[in-house]
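Each remark here refers to the structure printed beneath this line.
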Amino acid sequence: MVPGAARQAWAVIHPRGICSSSSSRITGCDRNEIYRRFRDRGRLKPEELVVHHSWIAADMSRCFLLVESDDVTSLQRWVIEWADLVEFEIVPVATSKDMVAALSGHL
């Protein structure tokens, strides 16, 4: 972690086909292979990457996660572990409370 840097929260959307919006669908990918790898090897994430929540779309076409890390490279290392099966969309997020505090001088 960079001294004085704050932890960042990230919303992560995957798998393959989800590269620019959450309305995309899986194309050309065997979902079973994704779930087999997860079953056999776990999330394959760096230790410092904290997964707070994970949700699977009802049709199993997407997975949404809320993760937190001090270092964006931990996200990059995680993505590499799944790059052969999954595309990620990673979006920095803040709580509503933090956003209101940050914008209070501009409101």
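The values are calculated or read from the model by the stated rules, or taken from the named source; none is laboratory data. In this text, all values refer to a predicted model and were calculated from it rather than measured experimentally. Don't worry about glycine lacking a Cβ; one is built from the backbone with ideal geometry, like all the others, and counts go over all protein chains shown. Each accessible area value is taken on the protein alone, full model and side chains, heavy atoms only, with ligands, DNA and RNA left out. Shrake-Rupley method; radii C 1.70, N 1.55, O 1.52, S 1.80 Å.
Brief remarks on what is shown
- Ordering 60-66, 70-76 by mean Cβ neighbour count within 10 Å, with the highest value first, yields 60-66, 70-76.
- For segment 33-104, the fraction of 1.4 Å probe accessible surface lying on carbon and sulfur atoms is 58 percent.
- Segment 59-107 - accessible surface per residue (Å², probe 1.4 Å): 61 Å²
- Residues Trp82, Trp55 ordered from highest to lowest accessible area at a 1.4 Å probe: Trp55, Trp82.
- Rg(Cα) / (2.2 N^0.38 Å) computed for segment 41-107, rounded to two decimals: 1.36
- Computed from backbone phi, the HN-Hα couplings of segment 76-93 come to 5, 5, 5, 4, 4, 5, 10, 4, 6, 10, 9, 10, 10, 10, 10, 10, x, 10 Hz, rounded to whole numbers (Karplus: 6.51 cos²θ - 1.76 cosθ + 1.60, θ = phi - 60°; Gly and Pro given as x).
- Fully extending the segment from Asp84 to Asp98 would add 1.5 nm, taking 0.36 nm per residue of separation and subtracting the current Cα-Cα distance.
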